[in-house]
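**Student:** I have a structure here, written as structure tokens, and I will follow up with some questions on it.
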Amino acid sequence: MRHKPSFFLILFLLIASCQPNKNSFYERNSMEVKAFIALLDFDFEALEQELQGLENLIQKLYASKDSVLALADRNMYKIEGHYANSAPNENPALSTLYLPIIPNTDPKAIEEMLLLTNPIDEAFRRVINNNEVISQVYFNSKVQFNRLYPPYDAATMLDPDLDVTAYNFYYEADEVNNPNRGMVWVKEIYIDPVGKGWVVSLLNPVYIGDELKMVLAFDISINVILENYLSQTNRKLVILDEAGTVIAGKARAIEALALPPLKNHTYIQTISSDSFRPEEYNLFKSKSKAVRSMISHFLLSGGDQYLLHEGAESFDVHAYKMERTGWLILDVAI
């Protein structure tokens, strides 16, 4: 999302104007945090609408399958082993395709999906160009075919035999885990397998009739959340997932909660399984008894305020729930 600098201020004033005329320090801070959450929620709703638009396009392609296949450019991609259009020699207008070499895959089904979905490359480019919070857009399918934009170095970054349905960015939206077929915000943040660092994903299962054809997804960069959202408020905020693991946060607040500094993941090998943020960033696993007590109060007991005594210091911490994602926003009064 590309915001005008004044948008956060306007939203804050709108929320403030709807509140009773109270002048307490806490309530002013609370309104600012709620404005922060409202902005984040507003933008995430827009991402859902964007992802729905991609599903609508795919539905239209499948509805016109015969004519789309008849007109398809069969030379658009050159498949080399388990990939096509891999960096560093990729065509930047096209996606990278990943076709894992797995027993019992159906080459005809893969070819049909490849040709049917070639027209969405243009839509993928538009999504990336218009939404700076989205680091990549892609889909995974049961036939073992992945299409992802922007292109990346699939030749060296991915092993040739990964099962794309074994990752949370597929299975959390499949028939078993998501029987209502709605969009899913992946609860945990994780290391993106193609090098984008820590991400959180929005998933959209695409059904043709009653058959799950693919899971569309946006990956949202944690760094962008830090830069685009946390930078717009002076509050010392920490964002946690439902498991109590830090997603993002202001450096001073991270320090107050006795956590190590947040660092980007650096790739030293190909990814072969789900990789979630280490336990050192989970407040339930904190070395501090006071921090463990605080997160239990918030997530297990449903509390919304806690006086944290950490070493010689004390911090008043307020918790706010973000319903769309299930995230917990902590406001650390420092």
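The values are calculated or read from the model by the stated rules, or taken from the named source; none is laboratory data. Just so it is clear, the model here is predicted, and its values are computed rather than measured. Please note: Cβ atoms are built from the backbone with ideal geometry, for glycine as well, and neighbour counts cover all protein chains shown. Accessible surface is based on the protein model in full, side chains and every heavy atom, while ligands, DNA and RNA are left aside. Shrake-Rupley method; radii C 1.70, N 1.55, O 1.52, S 1.80 Å.
**Student:** How about the stretch 35-84: which GluC sites (Glu not before Pro) there lie in a loop by DSSP and see at most 14 other Cβ atoms within 10 Å?
**Tutor:** Listed in order of number, the matching sites amount to none.
**Student:** Still on this structure: Treating the angle as unsigned and between 0 and 90°, give the value, to the nearest 10°, between the Cα long axis of helix 7-17 and the longest Cα principal axis of the chain.
**Tutor:** 50
**Student:** Further question on the same structure: Enter the accessible area of D159 (Å², nearest 10), with the probe set to 1.4 Å and all protein chains included.
**Tutor:** Per-residue accessible area (D159): approximately 50 Å².
**Student:** Another question, if that's okay. Compute the long axis of helix 25-63 from its Cα atoms, compare it with the longest principal axis of the Cα atoms of the chain, and write down the angle in degrees, 0 to 90, nearest 10.
**Tutor:** 10
**Student:** Step through the residues of the stretch 136-150 one at a time and calculate ³J(HN,Hα) from phi using the Karplus curve (6.51 cos²θ - 1.76 cosθ + 1.60, θ = phi - 60°), rounding each to whole Hz and writing x for Gly and Pro.
**Tutor:** Per-residue couplings from phi come out as 6, 10, 6, 9, 10, 9, 5, 7, 6, 9, 10, 10, 9, 10, x Hz.
**Student:** With all protein chains present and a 1.4 Å probe, how do T165, T96 order by accessible area, largest first?
**Tutor:** From most accessible down to least: T165, T96.
**Student:** Once label points are set 7 Å from the Cα along Cα→Cβ at both K289 and I101, what is their separation, rounded to one decimal in nm?
**Tutor:** 5.7
**Student:** Follow-up question, since we're still on this one. For R181 and R252, calculate 0.36 nm times their separation in residues minus their Cα-Cα distance, and state this gained length in nm to one decimal.
**Tutor:** Once the chain is fully extended between R181 and R252, it gains 21.5 nm.
**Student:** Could you go through the stretch 105-113 in sequence order and give the Karplus-derived ³J(HN,Hα) for each residue, using 6.51 cos²θ - 1.76 cosθ + 1.60 with θ = phi - 60°, rounded to whole Hz, and x for Gly and Pro?
**Tutor:** Rounded to whole hertz, the list is 6, 9, x, 5, 5, 5, 4, 4, 5.
**Student:** Which percent of the accessible heavy-atom area of the chain goes to carbon and sulfur, probe 1.4 angstrom?
**Tutor:** Carbon-and-sulfur percentage of accessible area, whole number: 51.
**Student:** Mind putting a number on the dipole of the chain about its Cα centre? Charges go on the C-beta only, +1 for Lys and Arg and -1 for Asp and Glu, and I need it in Debye to the nearest 20.
**Tutor:** That gives a dipole near 880 debye.
**Student:** Ranking request for peptides 296-307, 101-112: highest mean number of other beta-carbon atoms within 10 Å first, then the rest in descending order.
**Tutor:** 296-307, 101-112
**Student:** Still on this structure, I have one more. Accessible area per residue, 1.4 Å probe, Å², for the stretch 82-151: what's the number?
**Tutor:** I get 39 Å² per residue for the stretch 82-151.
**Student:** Another one. Between E323 and D159, what length comes free when the chain is fully extended (0.36 nm per residue of separation minus the Cα-Cα distance, one decimal in nm)?
**Tutor:** 55.4 nm
**Student:** Put K187, K321, K289 in order of accessible area, largest first, 1.4 Å probe: what do you get?
**Tutor:** My answer, sorted largest first, is K289, K321, K187.
**Student:** With θ set to phi - 60°, apply the Karplus curve 6.51 cos²θ - 1.76 cosθ + 1.60 along the stretch 97-103 and write out the HN-Hα couplings as whole Hz, x wherever there is a Gly or Pro.
**Tutor:** These are the phi-based 3J(HN,Hα) values: 9, 10, 10, x, 8, 10, x Hz.
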